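First the structure, in the form of C-alpha cells, and then the observations on it.
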Amino acid sequence: MKTITLAVSRFDPAEDMEPHIEEYTVRVNEGARVLHALHAIRDEHDATLSYRYCCGSGQCGSCAVKVDGKPALACMAEARDGMTVEPLDLPVVKDLTVDMEPVIAKIARICPAHDAGLPSQEEIATIKPLRDCIECLCCVSACPALQVTEFAGPTVLRQEMRLALDPRDSGDRITDSIAKGLFYCTTCKRCTEVCPKAIDIPGKAIEKLREVANRQGLTLPRHQEVARLVRETGRSVERTKETFLEQVPEVIEPDGPVRGEVGFFVGCMFNGRVPQTALDAMEVMKRNGIRVIVPHDQVCCGSPLIRTGQTADVDDLKRRNIEAFARRGIKTVMTICAGCGATLKNDYDTPFTVKDVTEVLTEYGIEPPAKLDITATYHDPCHLLRGQGISEQPRELLRGAVREFVEMPTQCCGAGGGVRSGVPEEAKALGAKRDECVKATGADVVVTVCPFCEFHIADCTDVPVKNLVTVLLEGYRKKDAERKGSA
C-alpha cells in the first residue's frame with residue numbers, strides 16, 4: 001500500500017457558482033490506477049463524488065477525465081502523488097461527470113444499402129483501425145479547433161470515414177463531413193496523442209475524406225490554387241524575391257575542418273518566402289563544421305497537398321525529391337521546416353535518414369554561442385512535436401543561447417492542415433489564443449522551428465517571433481563582437 005494526495009475538481013451546479021479544487025489523501029495499492037483513487041475518495045471521504053466508470057479495463061471509455069491537464073482513462077492512468085484530476089473540457093454535469101450527449105448525437109449511424117454484400121477482407125482491414133474507437137471523447141476534449149469553431153470533432157469525422165469505407169452504408173459521407181467541419185482540422189494530431197487506442201484520425205480519416213472530397217470537386221478554392229501552383233512551378237509558394245536556391249551553390253563547405261555532412265531539404269517557405277532564415281541556418285552549419293549539400297532540383301515535399309487531400313501529384317513529387325538526394329549519395333537529409341520533416345519521415349519511403357536541424361545540431365554538438373540578453377519562450381510546432389517526436393532538442397539549444405528560457409503551454413497555433421489559407425477566421429482565433437499564452441510568459445521573443453508557425457504567430461502577436469537558427473546565429477555574432485572588442 002502507498003499513501004497519495006491528489007487534487008480533484010468539484011462542482012455541484014445546485015450549490016456552486018464555479019468548479020473548485022479539493023485535496024484528498026488516500027491509501028491505495030502499488031500500481032493503482034486513478035479510478036482506484038477515486039473509489040477510495042468516494043468510500044473514505046465523500047460518497048457524493050460524481051464520476052463515470054464501467055468496465056475498468058480500458059474498453060468502454062466511460063471513465064475519461066483529465067489527469068494533470070491531459071485527457072486519459074481513469075482506469076488506465078497510474079495514480080500518482082500530487083496529481084490533479086479534472087473533467088474533460090466538455091460541459092460539466094457534476095464534478096468529473098460531463099455531458100457527452102451533444103457529441104454522441106453527431107456520430108453518424110449506418111444507412112443500410114439495399115442488397116449490399118459483406119465487406120471484403122481488404123475492406124475489413126482498412127476499417128478496423130477506425131473501429132477501435134471507444135467514444136471516450138478524449139480527442140474532443142483536446143481538439144484545438146473545437147475551442148473556436150463549430151467543428152463536430154475528431155471522433156465524429158472518424159466515424160464518417162469508417163462508414164465511407166463500408167460497402168453496406170449508403171450515406172453521403174462527404175457532404176456530411178463537410179457540414180461537420182472537414183476542413184476545420186489543423187492536422188495537429190493532438191487527438192492521436194491523447195487517444196487511448198492511438199487512432200491516427202487526421203491521417204486515417206480526415207485526410208482520406210479530403211481526398212474523396214477532392215475527387216468530387218469539393219476542395220476549398222484556396223487549396224486548389226496551391227495545388228495548381230505546385231503543378232506549374234514545383235513549389236507551393238510564389239516566387240516574390242531571389243530564392244534560397246538561387247543564392248547558394250550545391251555544396252556549402254564549413255569554415256573549418258569537416259565534422260559531418262548532410263543534404264539540405266529547404267522547403268517551399270524557406271526557399272521562396274523567408275530565404276534569409278535558410279541562409280542563417282547555413283551559417284550555423286558552417287560554424288559547426290558541417291558540410292551541406294543542396295540539390296537544386298528538389299521540389300515541394302507535397303505536404304500542403306497531402307494535408308488537403310490533393311494527392312494526384314504527390315507520387316511524382318516524392319520520386320523527384322528522392323532521386324535528387326539519392327543520386328548524390330546523401331545519407332542524411334536535414335530539414336528546417338517541421339512540416340517538410342514530418343512529411344519526409346512519415347509519408348515517404350526514403351533510402352536516406354531524415355533529421356530535423358535540431359537533431360543534427362544536438363547530435364554533432366555545437367560551439368556554444370554567447371547568450372543573448374533576452375527572455376525567450378518556445379512554441380512547439382505540431383509537426384515537430386507530434387509529427388516527429390522532437391521536444392527537448394530545440395529547448396536544449398535555446399537554453400544555451402538566451403539569458404532566460406520560459407515555458408508556455410503546448411497548443412496548435414492554427415496555421416496547419418490548410419486552415420490558415422482555407423479557413424482564415426479559425427486560424428486567426430487560434431492565433432489569438434497563442435498570443436494570450438505568449439503574453440502570459442512575459443518573454444521578449446517567441447522562438448520556433450517552423451516557417452508556418454513563425455509567420456502565423458507573428459501575424460497574431462506584437463512580440464517578435466524568430467527561428468531558432470537565427471537566434472543561434474545572433475549568439476555567434478555577439479560572441480565574435482565581444483572577442484573583437486576585447487582584442
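In region 72-81, the count of residues that are open to solvent by 50 Å² or more (accessible area, probe 1.4 Å), at pLDDT 95 or above and over 17 Å from Val194 (Cα atoms) is one or more. Taking the criterion of being within 19 Å of the chain's Cα centre (by Cα) and small (Gly, Ala, Ser), the residues of region 193-222 that qualify are Ala198, Gly203, Ala205.
For Asp349, are the conditions met, namely being open to solvent by 40 Å² or more (accessible area, probe 1.4 Å) and assigned to a strand (DSSP E or B)?
no
The listed residues are Arg239, Arg210, Arg222, and the only one of them that is at pLDDT below 95 and out of contact with any Pro (no Cβ under 7 Å at 6 or more places or on another chain) turns out to be Arg239. Among the residues of region 456-470, are any under 27 Å from Gly272 (Cα atoms), touching a Phe, Trp or Tyr at 6+ places or on another chain (Cβ under 8 Å) and in a loop (DSSP other than H, G, I, E, B)? Within region 456-470 (the criterion being under 27 Å from Gly272 (Cα atoms), touching a Phe, Trp or Tyr at 6+ places or on another chain (Cβ under 8 Å) and in a loop (DSSP other than H, G, I, E, B)), the answer is no, since none of the residues qualifies.
Candidates Pro381, Pro369: the one that is within 14 Å of the chain's Cα centre (by Cα) and at pLDDT 95 or above is Pro381. Just a yes or no: is a residue in region 422-436 open to solvent by less than 20 Å² (accessible area, probe 1.4 Å) and over 21 Å from the mean Cα position of the chain (by Cα)? No, every residue in region 422-436 fails to be open to solvent by less than 20 Å² (accessible area, probe 1.4 Å) and over 21 Å from the mean Cα position of the chain (by Cα). Within region 356-455, which strands (runs of 3 or more DSSP E) (wholly inside it) include 1 or more residues that are of a type outside the set (Phe, Trp, Tyr), more than 21 Å from Leu473 (Cβ to Cβ) and without any contact (Cβ under 8 Å) to a residue 60 or more places away in the chain? Fully inside region 356-455 and qualifying: 402-406.
Can you pull out the residues in region 304-346 that are open to solvent by less than 50 Å² (accessible area, probe 1.4 Å), in contact (Cβ under 8 Å) with a residue 40 or more places away in the chain and not in a helix (DSSP H, G or I)? Answer for region 304-346, where residues must be open to solvent by less than 50 Å² (accessible area, probe 1.4 Å), in contact (Cβ under 8 Å) with a residue 40 or more places away in the chain and not in a helix (DSSP H, G or I): Thr308, Gly309, Gln310, Thr311, Ile330, Thr332, Val333, Met334, Thr335, Ile336, Cys337. Among the candidates Ala443, Ala487, the residue that is surrounded by fewer than 21 Cβ atoms within 10 Å (Cβ to Cβ) and closer than 30 Å to Asn288 by Cα is uniquely Ala487.
Within region 24-69, the set of residues being exposed (fewer than 13 other Cβ atoms within 10 Å of the Cβ) and not in a loop (DSSP other than H, G, I, E, B) comprises Arg27, Asp43, Glu44. Taken over region 121-147, the criterion of being open to solvent by 50 Å² or more (accessible area, probe 1.4 Å) and either among the hydroxyl-bearing types (Ser, Thr, Tyr) or in contact with a Leu (Cβ under 7 Å, 6 or more places away or on another chain) (or both) is satisfied by Glu123, Thr126. Could you tell me whether Cys191 is of a type in the set (A, V, I, L, M, F, W, C), in contact with a helix residue (DSSP H, G or I) (Cβ under 7 Å, 6 or more places away or on another chain) and open to solvent by less than 40 Å² (accessible area, probe 1.4 Å)? Yes, satisfied. When restricted to residues that are surrounded by fewer than 19 Cβ atoms within 10 Å (Cβ to Cβ) and either within 14 Å of Asn288 (Cβ to Cβ) or touching a strand residue (DSSP E or B) at 6+ places or on another chain (Cβ under 7 Å) (or both), region 467-484 contains 3. Just the residues that are open to solvent by less than 20 Å² (accessible area, probe 1.4 Å) and either farther than 17 Å from Lys204 by Cβ or in contact with a Cys (Cβ under 7 Å, 6 or more places away or on another chain) (or both), please, taken from region 170-182. Scanning region 170-182 gives a single hit, Gly181. Looking across region 281-294 at every residue that is surrounded by fewer than 22 Cβ atoms within 10 Å (Cβ to Cβ) and in contact (Cβ under 8 Å) with a residue 60 or more places away in the chain, the one that is farthest from Tyr348 (Cα to Cα) is identified as Arg287. On inspection, Pro424 does not qualify as touching a strand residue (DSSP E or B) at 6+ places or on another chain (Cβ under 8 Å) and either of a type outside the set (Val, Ile, Thr) or at pLDDT 95 or above (or both). Of the residues Val98, Val85, Val103, the single one that is farther than 19 Å from Gly153 by Cβ, open to solvent by less than 30 Å² (accessible area, probe 1.4 Å) and not polar (S, T, N, Q) is Val85. Residues in region 471-486 include none that are of a type outside the set (Phe, Trp, Tyr) and closer than 22 Å to Leu344 by Cβ.
Is it the case that some residue within region 104-117 is assigned to a loop (DSSP other than H, G, I, E, B), within 27 Å of the chain's Cα centre (by Cα) and within 18 Å of Leu73 (Cβ to Cβ)? Working first, answer last.
Start the filter on region 104-117 by keeping residues that are assigned to a loop (DSSP other than H, G, I, E, B), which leaves 105-111, 113-117.
Next cut, within 27 Å of the chain's Cα centre (by Cα) only: 106-108.
Applying the additional criterion that residues be within 18 Å of Leu73 (Cβ to Cβ) yields none.
No, there is no match, as no residue in region 104-117 is assigned to a loop (DSSP other than H, G, I, E, B), within 27 Å of the chain's Cα centre (by Cα) and within 18 Å of Leu73 (Cβ to Cβ).
The values are calculated or read from the model by the stated rules, or taken from the named source; none is laboratory data. Because the structure is a prediction, the values reported are computed rather than measured. Heads up, the Cβs are rebuilt from the backbone with ideal geometry, glycines too, and the neighbour counts pull from every protein chain shown. Just so you know, the surface numbers come from the protein's heavy atoms only, side chains and all, with ligands and any DNA or RNA stripped out. Shrake-Rupley method; radii C 1.70, N 1.55, O 1.52, S 1.80 Å.
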